[in-house]
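The values are calculated or read from the model by the stated rules, or taken from the named source; none is laboratory data. Just so we're clear, the structure is a prediction, and the values are computed from it rather than from any experiment. Cβ sites come from the backbone with ideal geometry, for glycine too, and all protein chains shown count toward neighbours. Each accessible area value is taken on the protein alone, full model and side chains, heavy atoms only, with ligands, DNA and RNA left out. Shrake-Rupley method; radii C 1.70, N 1.55, O 1.52, S 1.80 Å.
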Amino acid sequence: MSGIQQDQLPVVAILTIEDAKEKFRGNRDNFLDILRTGKDLGFTVYIVTVKDLKLGARRIAGYDYNEDKQAWAQDWYPPPRIVYNRIPLREDENLPAVRRKIEEILDHPTIRLYNPYFFNKWQLFEWLQKSRATRTFIPATRRLRTSVALAKMLNKHPYLFLKPETGKAGMGIMTLRVNHTKAMKFRLKTQDRRRSALFKCATISKLWTRIRKQAGNHDYIVQQGIPLATVNRRPFDLRVLVQKNSKGQWDITGVGARVAGTSSITTHVPRGGSIEDPEKLLSANFGVEQARRTMARTKNAAIIIARQIERGSGHMLGEMSMDLGVDTNGSIWFFEANAKPMKFDEPHIRRRSLERIFQYSTYLYRNGG
Ligand SMILES: Nc1ncnc2c1ncn2[C@@H]1O[C@H](COP(=O)(O)OP(=O)(O)O)[C@@H](O)[C@H]1O
Ligand SMILES: [Mg+2]
């Protein structure tokens, strides 16, 4: 960022939603890191709620953290040129007033928004299905609508993942295995907030009833289960952070790895998963040489996928994180992308990710995007 004049830097507002008790919602540690990084780089940056972001106004009421008083305080700021959407919940983002505001920002002649909306898991697969370059990375995926569709998927794939279209952090995920040599041939694993449970049955109709009950009124996708590479018999996957850089091009900020907890279906850290070095895990499975090639292929895949997601979404995007799997043969699979990446715990990835937010903001500001 050296050589940039301060008057050439855009005013950046971090957008979130107001909260009756807490002033505003969202991960405060994350917001604080973003604010500090921006200020260190010479930017005017503040947090703004949907309610306070009045697009025609000459000044905007925003929040900053007062380091002396150790408290969040509101003040007046110049209107933003860049709005960085960190509204934390889908439910909030779907409120009519919030959607209207996002559309107003998208239509605004001088304000640029990145991360317009959360992704939906089914839509991601539709977008990635459309391009030959990305199709190779996606597991077979259908919407889970009827027991007939489920039976069809089971015939092709004896191991399936059932996932809510708008899920996160492993919530609501189930796995299903069929073993024709057993009387109770269907095995459905479910997981609640902390525990996982196993349900066995002999018929599709019993299975369907159980799945309906578990899924409640949420829309689900059903997906081919990928036999993930393991370490100490625990599967792992790769978390890739992809962000646009100072040239406005998709770039890899970092690759982390998550190893599943002993009894969890997924690799999320709150479910007992742990953080590991991806090169080490891949080397242990495939040897140093192939591990290096797999890392290179992973990064390449993530860039191609990010481009296609952006094309599919019809909006300009600035960043996303991706969950990618490596199977026992070393092939790479796409599981999902998040439009509002969580904090990466790896310090080198974290630092770079914060700087990139402002590098890309500057690009957007100067080039109109
Ligand atoms: N089709 C699949 N095959 C194997 N493992 C999967 C599959 N889909 C998801 N997983 C595992 O479950 C984890 C969570 O799935 P994901 O789609 O990321 O849902 P969430 O939104 O809850 O994080 C993934 O990171 C991966 O470890
Ligand atoms: Mg995930």
### Task
Show that you can apply the helix-only estimate: for the chain, add -39,500 (n - 2.57) for every DSSP H stretch of four or more residues, divide by all residues, and state [θ] at 222 nm to the nearest 500.
-10000 deg cm²/dmol
### Task
Classify the stretch 12-114 as rounded, prolate or oblate from the Cα gyration tensor: take a ≥ b ≥ c as the square roots of its eigenvalues, call it rounded if a/c is under 1.5, otherwise prolate when a/b beats b/c and oblate if not.
oblate
### Task
Quote the relative contact order of the stretch 33-131 in percent (integer), defining contacts as alpha-carbon pairs under 8 Å separated by 6+ residues.
18
### Partners for Lys21 among lysines (Cα-Cα distance below 19 Å; same-chain residues under 8 apart left out)
Lys51
### Query
For the chain, what's the relative contact order in percent, using C-alpha pairs closer than 8 Å and at least 6 residues apart?
16
### Query
Among Lys168, Lys340, Lys156, which one moves the most in a GNM of the chain with springs linking Cα atoms closer than 10 Å?
Lys156
### Query
Counting Lys +1, Arg +1, Asp -1, Glu -1, what net charge surrounds Gly318 among other residues with beta carbon under 10 Å of its beta carbon?
+1
### Query
Per residue, how much accessible area does the chain have with a 1.4 Å probe, in Å²?
49
### Query
What order do you get for 254-265, 63-74 when each peptide is scored by the mean count of other beta carbon atoms within 10 Å, highest first?
254-265, 63-74
